[in-house]
Each structure stands twice: as C-alpha cells, then as structure tokens.
Amino acid sequence: MFCKMCGKEIPDGQELCAECATKNTNTTNSETTSEANLGTQNVNQDNTNSNTQNATVINNNQANNNPQAKSKLVGGLLGIFLGAFGVHNFYLGFTTKAVVQLLVSLVGGLITCGIATVAIQIWGLVEGIMILCGNVQTDANGVPLKD
C-alpha cells in the first residue's frame, strides 16, 4: 500500500507512513470500529474507492508518486493524434470504449467512405483535450493520472 500524502510504500500492518507520519486510512472494519469507540477522528479520510489498491490521492497540488499511475500528457496526446483508433482509451484501460471506437472507425469508415472515421477522430480529439484539461482524472482502475 502507498501513502496518500507522499506516495511512499507503507508495509502491511503499519498504520503510519514512516516518511510523513500520515495515518493510513485503509483500515479494516474492526480497526475502524475500535477507533470510533475511542473517540478518535481521522482528519485525512477521503472518499476513494477501497477496491483500488496502491492509488494515491492528489492533495493540495502534491505530485502523484504512484508507480502505477498513467500520464495525463500521454493519454491526451494519444487522444488528439490517434483518437480515431481509440488508442488513448486502450492506454487508460477503457477497452470496451476503445474497441467501439476502433471498429466504428474502420468498418464504419469503409461503409461511409470515411465519414465515420472523421466523426470518431473528432470524438478522440475532444476526449484528448478533456484528458489534458483535467476533466478525466483517473484511469479505468480508479488510479489518478499523473501530470
């Protein structure tokens, strides 16, 4: 597991990050219940998906140091230049949407003499710009994109 504040790895069973002393918020139900009974309150709690392992949350303009994080720049540029083929969605893990873009672009382009390919390219261009502007903040696994 990685620290949500500094991105350093926290060994299993350890509550505090050795680097920044931030309390680990991914505790089990029994630990959470015992903390509630003691009246302690964790001010660093957030609404991240508990199924997403090794995801870091970007707080107060801190860099995302997660080694699994995908690049926002790469995803955006792939969308702008290769969006008609869904390459940016394959990169970010949205394979169903990527396959639809690829098939509509290729098969629809043959049937409509390229009109469908142009439409899908515009779709990819818009998604690429959205990724670069920050409207798309996570990949398909819920891991935040890094700058």
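The values are calculated or read from the model by the stated rules, or taken from the named source; none is laboratory data. Source: prediction; values computed, not measured. Note: ideal-geometry Cβ built from the backbone for every residue, glycine included; neighbour counts use all protein chains shown. Keep in mind that these areas ignore ligands, DNA and RNA; they rest on the heavy atoms of the full protein, side chains included. Shrake-Rupley method; radii C 1.70, N 1.55, O 1.52, S 1.80 Å.
In segment 120-147, what residues are open to solvent by 70 Å² or more (accessible area, probe 1.4 Å) and either more than 13 Å from Leu77 (Cα to Cα) or of a type in the set (S, T, N, Q) (or both)?
Passing the criteria: Ile122, Trp123, Asn135, Gln137, Asn141, Lys146.
For segment 100-143, enumerate the residues that are of a type in the set (Gly, Ala, Ser) and either in contact with a strand residue (DSSP E or B) (Cβ under 8 Å, 6 or more places away or on another chain) or at positive phi (or both). Lay out the reasoning, then the answer.
We begin by selecting, within segment 100-143, every residue of a type in the set (Gly, Ala, Ser); these are 105, 108-109, 114, 116, 119, 124, 128, 134, 140, 142.
Gly114, Gly134, Gly142 - these are the residues of segment 100-143 that are of a type in the set (Gly, Ala, Ser) and either in contact with a strand residue (DSSP E or B) (Cβ under 8 Å, 6 or more places away or on another chain) or at positive phi (or both).
Quick one: which of Gly83, Gly109 is crowded, with 18+ Cβ neighbours inside 10 Å, in contact with a Leu (Cβ under 8 Å, 6 or more places away or on another chain) and not polar (S, T, N, Q)?
Working: Gly109 fails: in contact with a Leu (Cβ under 8 Å, 6 or more places away or on another chain).
So the residue among Gly83, Gly109 that is crowded, with 18+ Cβ neighbours inside 10 Å, in contact with a Leu (Cβ under 8 Å, 6 or more places away or on another chain) and not polar (S, T, N, Q) is Gly83.
Scan Gly134, Gly79, Gly114, Gly142 and give me the residue that is small (Gly, Ala, Ser) and modelled with pLDDT of 95 or more.
Being small (Gly, Ala, Ser) and modelled with pLDDT of 95 or more holds for just one of Gly134, Gly79, Gly114, Gly142, which is Gly79.
Find the residue count for segment 126-137, including only residues that are among the polar types (S, T, N, Q) and part of a helix (DSSP H, G or I). Give the derivation first.
Residues of segment 126-137 that are among the polar types (S, T, N, Q), as a first pass: 135, 137.
From what's left, part of a helix (DSSP H, G or I): none.
Selection size over segment 126-137: 0.
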